[in-house]
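*Asks:* There's a structure below that I have some questions on.
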């Protein structure tokens, strides 16, 4: 019995480790601090995708995440082409005050009036400051990740 249990345990553990590594490879980094995201955008020479969301109450935001952001097609595209920033406006989730203030400032700056709203911006470093060159906004689009990504690519290409 011992000779059967050990190989079974090793096989199961190996499968679990591979599954964990695969899931880690497919995860994206979503910044919540715009200053850190801006540094990454300048360093990697990528535009930022600013996702204005209500994470704990917005049904259309959840739908956009489920149908687009949480797909392999989006993960492959976003990991190579954009820096992701989540600007959350929750009703029940507690946020640090600096993040709340930052998100409200950006909401005003980009005149966001509904959720989800996605703005694409280029980041320009001037001295110690980062400035945003707004390209265009988007939101939920029916048709799945391919339609959404095609639209995003055209926005980004138009801003270059």
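*Asks:* Go through the stretch 145-156 and report how many residues are out of contact with any helix residue (DSSP H, G or I) (no Cβ under 6 Å at 6 or more places or on another chain) and in contact (Cβ under 8 Å) with a residue 24 or more places away in the chain.
*Replies:* Going through the stretch 145-156 one residue at a time, the tally reaches 5.
*Asks:* Checking residue 28 against (1) surrounded by fewer than 16 Cβ atoms within 10 Å (Cβ to Cβ); (2) in contact (Cβ under 8 Å) with a residue 24 or more places away in the chain; (3) over 12 Å from the mean Cα position of the chain (by Cα); (4) not in a helix (DSSP H, G or I), which test does it fail?
*Replies:* The number of the failed condition is (3).
*Asks:* Going by the conditions given, is residue 41 part of a helix (DSSP H, G or I), closer than 17 Å to residue 159 by Cβ and either in contact with a strand residue (DSSP E or B) (Cβ under 6 Å, 6 or more places away or on another chain) or at pLDDT below 95 (or both)?
*Replies:* yes
*Asks:* Does residue 68 qualify as being part of a helix (DSSP H, G or I) and at pLDDT 95 or above?
*Replies:* yes
The rows are residues; the columns are (1) assigned to a helix (DSSP H, G or I); (2) under 18 Å from residue 31 (Cβ atoms); (3) out of contact with any strand residue (DSSP E or B) (no Cβ under 7 Å at 6 or more places or on another chain).
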site	(1), (2), (3)
75	yes, yes, yes
85	no, yes, no
101	yes, yes, yes
113	no, no, yes
119	no, yes, no
131	no, yes, no
150	yes, no, yes
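*Asks:* In the stretch 44-62, how many residues are surrounded by fewer than 14 Cβ atoms within 10 Å (Cβ to Cβ) and assigned to a helix (DSSP H, G or I)?
*Replies:* 2
*Asks:* If you go through the stretch 133-148 one residue at a time, how many are in a loop (DSSP other than H, G, I, E, B), under 16 Å from the mean Cα position of the chain (by Cα) and over 23 Å from residue 106 (Cα atoms)?
*Replies:* Qualifying residue count for the region: 0.
The values are calculated or read from the model by the stated rules, or taken from the named source; none is laboratory data. Computed from a predicted model, the values in this text were never measured in an experiment. Counting neighbours? That spans all protein chains shown, and the Cβs are built from the backbone with ideal geometry, glycine included.
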